[in-house]
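One structure is given here, and the rest of the page talks about it.
The values are calculated or read from the model by the stated rules, or taken from the named source; none is laboratory data. The structure presented is a predicted model; accordingly, all values stated were derived computationally and were not measured. Here the Cβ positions follow ideal geometry from the backbone for every residue, glycine too, while neighbour counts run over all protein chains shown. Protein only, heavy atoms only, side chains kept; ligands, DNA and RNA dropped before computing areas. Shrake-Rupley method; radii C 1.70, N 1.55, O 1.52, S 1.80 Å.
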Amino acid sequence: MRVWITGVTGFLGSHLAEHLLACGDQVLGTSRSGRWPPWLNHLRSRVPLLSWDLRRPVPAPVWDAVASFAPQAVYHLAALSLPDRCGSREPTAEALAVNVEGTRHVCQVAWQLSPRPRLLLASSGHVYRSPPRFGYRIDECSPLQPRNGYGRSKLLAERVLGRYAAAGLPAVVVRSFNHAGARQDRHLMLAQWCWQLAAGQERLVVRNRNTWLDLLDVRDAARAYRAVMLQGSPGLVYNVGAGTAVCSGWVLKLLLQCAGARVSVEETSPGLRRNPVADTSRLARHTGWCPRVPLRQTVEDCLRFYQQWAEAFPAAEQVRCSDTPPPPSETASEPRSPQ
Ligand SMILES: NC(=O)c1ccc[n+]([C@@H]2O[C@H](COP(=O)([O-])OP(=O)(O)OC[C@H]3O[C@@H](n4cnc5c(N)ncnc54)[C@H](OP(=O)(O)O)[C@@H]3O)[C@@H](O)[C@H]2O)c1
């Protein structure tokens, strides 16, 4: 199968590209910069990469390359992916431009291709309202009430996609919960801890040791995306997550064991936090998917990545982990119609 991945140079995009190539797919990729980071050199010769800043409509050379590649499937992953950078309540102008208008621009390209490819949008568990009680799993019919700019921008992107789907574009949405593994941005929980350890910090600064969250290995997520693309029903939404909650303190303990590290730990924002957990029964029912990678493997691989590439990242600075629930807010507003 010929597939086009937007955001192929990112965390999820690069693992997805590896999985698709291993399955025998041909992959074309786009990203904002059109440059591979050094840890993705192995993809350079196998995945043609084009530069397209999605805030703007497709440039002619990119349209020509995509049209002649004639993708049968499009995985739209490119986004401003860090919730902390998308606005605490309303989406920032940048989040709207990349996550919403960018999705519209990708839909326009998919719509104009002949034959039309199937399109998958990477959305997020942040679009849901907080669950009513601990242990409650969120399924795809749960109420939508994003609480931050990121979640709102993703819901708006879903609505853009929905308009194209209603007009006949075969499209599916995946709502991903938290993924982790090698190459994850160092501002997110596990990656941030691995980065600090790899930088040789003797005191590990963590935001919170008592956050319960749904944490799925990125390779399991990549398998889920392909399964949804091939076996999911057009027009439907699929949650992608581990389906169980782990405690951040357990993850930390596992990491310190794997690293053999004797460090002191400073917790900057203690207290119990309970993040939403995905109900993935629709995904399992429609595709047979289930998670395979044990948490220890995820932790080891993330740590190894930061140990191997420590020099590629600036010295550790204190940043917020995204392991806390965003503040409450009301529902997102309607986007503009497709052009
Ligand atoms: N990772 C998770 O736990 C998680 C959970 C829920 C949902 N998701 C969603 O899954 C998708 C992938 O996430 P990720 O963690 O892989 O993100 P990531 O590592 O931040 O990668 C983002 C990708 O998008 C590209 N991009 C950013 N801005 C762009 C722009 N203006 N124009 C074109 N391309 C642009 C980047 O290209 P450059 O490198 O050239 O800037 C990069 O290839 C996102 O839609 C994210 O919201 C992820």
In segment 47-135, which trypsin sites (Lys or Arg not before Pro) fall in coil by DSSP and have 11 or fewer other Cβ atoms within 10 Å?
ARG133
For TYR238, other-chain or 5+-apart residues with amide H closer than 5 Å (H placed, Pro excluded) are VAL173, VAL174, ARG175
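What does the charge add up to near LEU169, with Lys and Arg as +1, Asp and Glu as -1, over the other residues with Cβ less than 15 Å from its Cβ?
Details: positive: ARG104, ARG116, ARG118, ARG159, ARG163; negative: GLU158.
Net of charged neighbours comes to +4.
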Using only the alpha-carbon atoms, how far is helix 248-259 inclined from the longest principal axis of the chain? Give it as 0 to 90 degrees, nearest 10.
80 degrees
Could you state the per residue volume, in Å³, of the convex hull enclosing the Cα atoms of segment 14-98?
117 Å³
Computed for segment 124-167: size of charge dipole around the Cα centre, +1 on C-beta of each Lys and Arg, -1 on C-beta of each Asp and Glu, debye to nearest 20, value 160 debye
With +1 on each Lys and Arg Cβ and -1 on each Asp and Glu Cβ, how big is the dipole of segment 170-223 about its Cα centre, in debye rounded to the nearest 20?
60 debye
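How much of the DSSP bridge set in segment 1-148 is antiparallel, in percent, rounded to the nearest 5?
Taking every DSSP beta bridge with both residues in segment 1-148, the antiparallel ones total about 5 percent.
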Which residue fluctuates the most in the chain, going by a Gaussian network model with Cα springs under 10 Å, if the choices are ASN41, ASN99, ASN210?
ASN41
Hey, how many Å between the Cα centroid of segment 69-122 and the Cα centroid of segment 221-282?
23 Å
Along the charge dipole of the chain, Cβ charges K/R +1 and D/E -1, which of SER33, ALA222, LEU49 sits furthest on the positive end?
ALA222
Among LEU155, LEU121, GLN108, which residue has its Cα positioned farthest towards the positive end of the charge dipole of segment 100-157, with +1 placed on the Cβ of Lys and Arg, -1 on the Cβ of Asp and Glu, and the dipole taken about the Cα centre?
LEU155
Separation in nanometres of the label points that stand 7 Å from Cα toward Cβ, at ALA22 and GLN307
2.1 nm
In deg cm²/dmol, rounded to the nearest 500, the helical mean residue ellipticity at 222 nm of the chain, built from -39500 (n - 2.57) for every DSSP H run of length 4 or more, is -10000 deg cm²/dmol
Among 25-34, 196-205, what's the highest-first ranking by average C-beta atoms within 10 angstrom per residue?
25-34, 196-205
Calculate the spin-label point distance for ARG35 paired with ARG56, positioning each point 7 Å from the Cα along the beta-carbon direction, and give it in nanometres.
1.8 nm
Charges only on Cβ, +1 for Lys and Arg, -1 for Asp and Glu: so what's the dipole of the chain about the Cα centre, in debye to the nearest 20?
380 debye
Please work out the average accessible area per residue across the chain, using the 1.4 Å probe convention, and give it in Å².
42 Å²
Give me the distance in nm between label points sitting 7 Å out from Cα along the Cα-to-Cβ direction at SER264 and ARG292, one decimal.
4.4 nm
In the chain, what % of DSSP beta bridges are antiparallel (nearest 5)?
10 percent
Just to verify a number: FRET efficiency for GLN257 and ASP139, C-beta to C-beta distance, R0 = 45 Å, to 0.05?
0.85
Tell me the angle of helix 295-308 to the major Cα principal axis of the chain, expressed in degrees between 0 and 90 and rounded to the nearest ten.
90 degrees
Row for the chain, column shape: gyration tensor on C-alpha, a ≥ b ≥ c, rounded if a/c < 1.5 i.e. under 1.5, prolate if a/b over b/c, else oblate; value prolate
Just subtract the alpha-carbon distance of ARG159 and GLN231 from 0.36 nm times their residue separation and send over the number in nm, one decimal.
23.7 nm
Comparing ARG46, ARG282, ARG226 in a Gaussian network model of the chain (Cα, 10 Å), the one with the largest mean-square fluctuation is ARG46
Extended-chain gain in nm, criterion 0.36 nm per residue less alpha-carbon gap, HIS42 and TRP63
5.0 nm
For the modelled label position 7 Å from the Cα of MET1 along Cα-to-Cβ, which residues of segment 243-284 have backbone nitrogen atoms closer than 19 Å?
282-284
Could you work out the Kirkwood radius for segment 141-207, taking every pair of different alpha carbons, averaging 1/r and inverting it, reported in Å?
15.1 Å
